[in-house]
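**Q** Take this structure first; my questions come after.
Every number here is computed from the coordinates shown, using simple stated rules; none is lab data. What you see is a predicted model; the values in this text were computed from it and never measured. Cβ placement follows ideal geometry from the backbone for every residue including glycine, while neighbour counts extend to all protein chains displayed.
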Amino acid sequence: MRNHVALAAIHGTLVSWLQYTLNCGHHDISQACQNFIKWNLELVAKTADFGNFDLDILVSLLHQSSLVVKDEMTLYKCLEHWLNYQASRLRAQLLPEEVEATLYQLVIAVMSPVRFPMMSPRQLADLLMSPLTKKYKEFFVERMSIGMSFHSGQINRVKEVSMSEKDGALLFEPRLYTVDTCSSLLTIENFHSLPSYHMRTLVFSSHSSLAEYAGDRVCEWVVDIYPKGVWFKKFFLIVWQGTVEMPEHVKRSVRLSLTCKEPLNSNMRVKIGVLIYGLQDGVEHIARVTEIIHRFSKKDRVLNLDDLLPFEELNPQQGSVSENVVSPFLVGPNKDMLKLHIVISPAN
């Protein structure tokens, strides 16, 4: 089952697999299913099986900050789809008055973990036109007001919500959003023909603040990816005793080096996500996620992430495995493209 999780998602059975393996205690397989759903939610949400999500399991997933989604509005729409499915199912089973009472409880359960402060003021305004929002106006207006308090800089209100609600602080924490204001896609084509120690560079910018009141300041980042190992050439180190020759060194590691070109303050804390795509049963999907919280400053502007992927899994021709083996982390028609998404958001 674990080797066909992506295919199960495409065929609309993955949610059922997750719930079955959880009930049976198959933790390794259930974790693989959960990771796939968590990292490829939009793909799974398009299938009819998404409507079969058990409420408790879905709510547990919604509390996780490692959920990968374009933005919080996209997540809201996925949940709207799930609620529509529940409404159709309930109407076939219950009396009209029971349907409405049950639906109201479901709305509160799945929409309470939605991080409305992570939506832009424009998106919050657009929500007022949603049929679901209109139907349960009192609940949604209260949740949306929390979002507007965050964007207008009402610090006391933010602290109050963080302390008074269960997991309230999570409402103000970003997930792994792939929207272009905080992420960028990096692809390396013709991977098999790349020389050893090849480096590819990406320069992009991300918003320095999640709140509207802080303005549109951006921070510029330089990403250097070393998919075929790192070669440290011989150099001379000047110390107070004199000059010391340092020998060359080769590191068989898939390294990502992230440089903050100009930290906007002396202690800039950010959440970094590296989303790596893979291919399983012909299905391209996010196959691995590395997530880290890091502080950048004027003196500490570089973060190196080693062993982003197992070196021999990405470069089987350079390892001990058969030359005919193709890395599961290479995608594209010819299975020769390394594809990853870099996500950087301010961490509160």
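**Q** To the nearest 20 Debye, how big is the dipole of the chain about its Cα centre, given +1 on the beta carbon of each Lys and Arg and -1 on that of each Asp and Glu?
**A** On the way: 35 positive and 37 negative charges, 149 e Å.
With only Lys, Arg, Asp and Glu charged at Cβ, the dipole is about 720 debye.
**Q** Taking the Cα centre of the range 178-346 as the origin, how large is its charge dipole in debye, to the nearest 20, when only Lys and Arg (+1) and Asp and Glu (-1) carry charge on their Cβ atoms? Intermediate values should be presented prior to the final figure.
**A** Numbers: 18 positive and 19 negative charges, 119 e Å.
Result for the range 178-346 is approximately 560 debye, rounded to the nearest 20.
**Q** Can I ask one more? Name the shape class, rounded, prolate or oblate, that the alpha-carbon gyration tensor gives for the range 28-167, where a ≥ b ≥ c are the square roots of its eigenvalues, rounded holds for a/c under 1.5, and otherwise prolate holds if a/b is larger than b/c and oblate otherwise. Before the final figure, lay out each step's value.
**A** Values: a/c = 1.79, a/b = 1.20, b/c = 1.49.
Here the range 28-167 falls in the oblate category.
**Q** Which entries of K271/K335; K46/K77; K228/K251 show an alpha-carbon separation above 21 angstrom in the structure shown?
**A** Numbers: K271/K335 30 Å; K46/K77 11 Å; K228/K251 9 Å.
Checking Cα-Cα distances, K271/K335 exceed 21 Å.
**Q** Run through the range 242-348 and list the GluC sites (Glu not before Pro) located in a DSSP loop whose Cβ has at most 12 other Cβ atoms within 10 Å. Walk me through the intermediate numbers first.
**A** On the way: sites: E245, E248, E284, E291, E312, E313, E323; in loops: E248, E323.
The qualifying sites are E248, E323.
**Q** At 7 Å along Cα-to-Cβ for each site, give me the label-to-label distance between R157 and K234 in nm.
**A** 6.6 nm
**Q** Loop-only check: which trypsin sites (Lys or Arg not before Pro) in the range 263-312 are DSSP coil with at most 16 other Cβ within 10 angstrom? Mind showing how you got there, number by number?
**A** On the way: sites: R269, K271, R288, R295, K298, K299, R301; in loops: K298, K299, R301.
Qualifying residues, ordered by number: K298, K299, R301.
**Q** Right, next: Tell me, what HN-Hα J-couplings in whole Hz come from the Karplus equation 6.51 cos²θ - 1.76 cosθ + 1.60 at θ = phi - 60° for each residue of the range 199-208, using x for Gly and Pro?
**A** Along the range 199-208, the couplings run 10, 10, 10, 10, 10, 8, 10, 9, 5, 7 Hz.
**Q** Round to a whole angstrom and tell me the spacing of the C-alpha centers of the range 204-262 and the range 122-137.
**A** The two parts, judged by their Cα centres, are 44 Å apart.
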